[in-house]
Structure formats: C-alpha cells, structure tokens
Amino acid sequence: MLAQTDFKLRYQGSVLGFLWALLKPLFVFAILNLVFSHLFASSVEHYSLQLLMGILMWNFFAEGTSVGLTALMTKAHILTKIPFPRWIVIVAASLQSLMSFFINILIFFGAFVLFGVPIALWQLFAFVFYLVLLYVIVLGFSFFASPLFVRFRDLNQIWEVLLTGGFYAAPIIYPLRVLPEWLQPWMYLNPMTFLIEHSKGVLFSGLLSRADHHAFYVSVVVLGFVLALGFFRKFERRVVEFL
C-alpha cells in the first residue's frame, strides 16, 4: 500500500501522469542515441537496443538507491507516530521504483519485437536473473544507507555526484572493449558494469560468462545484502531519535 500510494503521488497533478515513467528514460535514450549512434553503431550490433537497456537498468539503480537513501526521512511523519517494522518503509520505497522499472522493461521487450531480434527462453531467464541481482543491490544499499542519511544529511548530495560519475563509468554509452585492456578490469569496481555487460552478452550475443565469475559476483552481492540488513537491524531503533 505504501509503494502504491507513493507511486500515485509521485505523478499526481501532472498532465501525463505515470507516462513520465516511460517518457523520461526514452527522452534520455533519444538524445544519447542521436549523439553516439554514429560513433558505435557500425561496430556494435543493435547498438540502439543495447543503449536503451543500459539506460533503463541504470535509471532503476539510480532511482531505487536515491529513493531508498531518503526513505526513512521521507516517512518520518509515520515512523514517529505509529510503531511498525521500519524495514517495511525500505521495501516499499524499492517497490515504488520497481513499478516504474517493470513498465520500462515491457517497453524494452516491445522494442526487441519491433527490431526483429530473436530471443531464446534461456536468454530471457538469464536476463531476469541479472535483474533480480540488480534489485538485491538496490535493496541492500537502501538498508545500509537509509539509517546513515538520518544522521548525515549530506549523503544525498554526495550520492548524486557519485551517480553522475557512475553513469559514465559503466558501459552504457560505449562498449567496454573500446577501453584500454588494463583499464577494463577496474571498471568492474562499479557493480553495474557486470550486470550491464553480461546482460548485453546474453541478450545480443547469446553468451554466458564463466561460472566462477558469476559465483564470485553473486557471493559478493549476497554477502553485501546480509551485512547491510544486519547494519539496518542494529541501528533502526535509534532512527526515530534523529527524525
């Protein structure tokens, strides 16, 4: 109910309403595709679709983490008056972003059909697996950062700057292979690099990376989520003191 209410209030009063959830990433895609397609389209098959996928995945990561960061502060008027599990606020914030992302993904697969790109069932399941990992990352970040934001309000501004840099540090606009070989491994310090790069490989080339690479990444994501949840459970009782 919290997620549904926030989703409706987000676009309340606007003429186009929730259509902005579609139009905003499409506008960004149109501009970037216009500027960069002539640089990479000749060397990257289905460059426009790869660009759209990267933008949609990054937008969900950026929006989900930003909303999750401020979730407790946004619901301060409820948390200070009604006793209920505080993790509900974090999950509701992530679900609000997930609703918009789900609509965008439907548009993305509509573009797949429009461009006539074939896709096998295993490719679809592999892509969904990457999207699940993406959601776990967003949720884990929210559990970790939301209690910190209650104490340190500058985190919101810092995170906006990091997101701007992170967008260009992920292989969204450009293919990873255009970078020097010595630099490519360092790009994987950005957690979105793995998801975007491997999603491209699965959907557009039908390629899966080595199992040990996936096992390591999944282990890091799961461990990070468990630690973030433990951090949240440790400090959630003190949150109300600073709201």
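We did not get these values from a lab; they are worked out from the coordinates using the rules stated. Keep in mind that what you see is a predicted model, and the values were worked out from it rather than measured. Glycine also receives a Cβ, built like all others from the backbone with ideal geometry; neighbour counts cover every protein chain displayed.
Brief remarks follow.
- Dipole in debye (nearest 20) - the range 2-242, about Cα centre, beta carbon charges: Lys, Arg +1; Asp, Glu -1: 760 debye
- Extreme residue, positive dipole direction of the chain, given options LEU98, GLY110, PHE129 (C-beta unit charges): LEU98
- Where only DSSP H runs of four or more residues are counted, the chain gives -24000 deg cm²/dmol as its mean residue ellipticity at 222 nm, each run worth -39500 (n - 2.57).
- Highest average packing first - 127-137, 47-57, Cβ atoms within 10 Å: 47-57, 127-137
- Highest-first packing order for the peptide set 61-67, 77-83 is 61-67, 77-83, based on the mean count of other beta carbon atoms within 10 Å.
- Aspartates and glutamates whose Cα lies under 15 Å from that of LYS24, excluding same-chain neighbours fewer than 8 positions away: GLU63
- Most mobile of SER43, SER146, SER94 in a GNM of the chain (Cα contacts under 10 Å): SER43
- Residue (of PRO191, ALA76, LEU52) at the positive-pole extreme of the chain, dipole from beta-carbon charges: ALA76
- Computed on the chain, with alpha-carbon pairs under 8 angstrom and 6+ residues apart, the relative contact order is 27 percent.
- The chain: angle of helix 47-69 to the longest principal axis, Cα-based, in degrees nearest 10: 10 degrees
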